[in-house]
Amino acid sequence: MKEIKEIIEKFDHDSSQLISVLHDTQAKYNYLPKDALELISEKMKIPMLDIYQVATFYKAFSLKPRGKYHIRVCLGTACHVRSSQRILESVERELEIKSGETSKDGLFSLESVNCLGCCALGPVMIVNKNYYGNMSPGKINKILKKYK
Ligand code: FES
């Protein structure tokens, strides 16, 4: 919890900096641990309910541990019309998890999103910060192998 205290101090206990504090906490642990949120609540004098509202509103935050590699498959309209659902299903089959889950080895988390802001490249998938455009089910195995 020393790291959380440092993050809170970095933002001067300023409640208006909650998103930044949560962002740094998420970056540190790859999710938002309950203990960390309680400490943030206490030190920044923000009710837990308010913290949960922010933490659950933004998809960037997770209350559950995420895998080392966070895969997001876009199901937004531009990607959907280019069969992105097949991409998601192929990743699910390959990793033996459903969207919203983390693989048993803790390596991969999978989720679907509504737009990744690069519609012209659809269908699009991201692994952490790496974008893969013009995806097809046949490309998935090769891409995932790079992270195993
Ligand atoms: S709809 Fe997929 S990137 Fe925009």
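For every residue, the table says whether it meets (1) under 17 Å from residue 119 (Cα atoms); (2) among the β-branched types (Val, Ile, Thr); (3) away from the ligand (no atom under 16 Å from the Cβ); (4) open to solvent by less than 70 Å² (accessible area, probe 1.4 Å).
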residue: 35; (1), (2), (3), (4): no, no, yes, no
residue: 51; (1), (2), (3), (4): no, yes, yes, yes
residue: 65; (1), (2), (3), (4): no, no, yes, no
residue: 68; (1), (2), (3), (4): no, no, yes, no
residue: 74; (1), (2), (3), (4): yes, no, no, yes
residue: 79; (1), (2), (3), (4): yes, no, no, yes
residue: 82; (1), (2), (3), (4): yes, no, no, no
TODO: Among the residues of segment 89-122, count how many are open to solvent by less than 10 Å² (accessible area, probe 1.4 Å), within 16 Å of residue 137 (Cβ to Cβ) and either without any contact (Cβ under 8 Å) to a residue 12 or more places away in the chain or of a type outside the set (Gly, Ala, Ser) (or both).
DONE: 2
Task: Hits in segment 36-91 (condition: of a type in the set (A, V, I, L, M, F, W, C), part of a loop (DSSP other than H, G, I, E, B) and within 17 Å of the chain's Cα centre (by Cα)) - done: 60, 61, 63, 75
Task: Residue among 69, 31 that is touching a residue at least 60 places away in the same chain (Cβ under 8 Å) and under 30 Å from residue 142 (Cα atoms) - done: 69
Task: Test: residue 124 is modelled with pLDDT of 95 or more and touching a Gly at 6+ places or on another chain (Cβ under 8 Å) - done: yes
- [ ] State which residue is nearest to residue 62 (Cα to Cα) when the search covers only segment 92-140 and only residues that are in a helix (DSSP H, G or I) and not aliphatic (A, V, I, L, M).
- [x] 92
Task: Test: residue 63 is without any contact (Cβ under 8 Å) to a residue 60 or more places away in the chain, closer than 15 Å to residue 148 by Cβ and not basic (Lys, Arg) - done: no
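The values are calculated or read from the model by the stated rules, or taken from the named source; none is laboratory data. Keep in mind that this is a model prediction, so the values were computed, not measured. Here Cβ is always computed from backbone atoms with ideal geometry, including for glycine, and neighbour counts include all displayed protein chains. Calculation scope for accessible area: heavy atoms of the full protein, side chains included, ligands and nucleic acids excluded. Shrake-Rupley method; radii C 1.70, N 1.55, O 1.52, S 1.80 Å.
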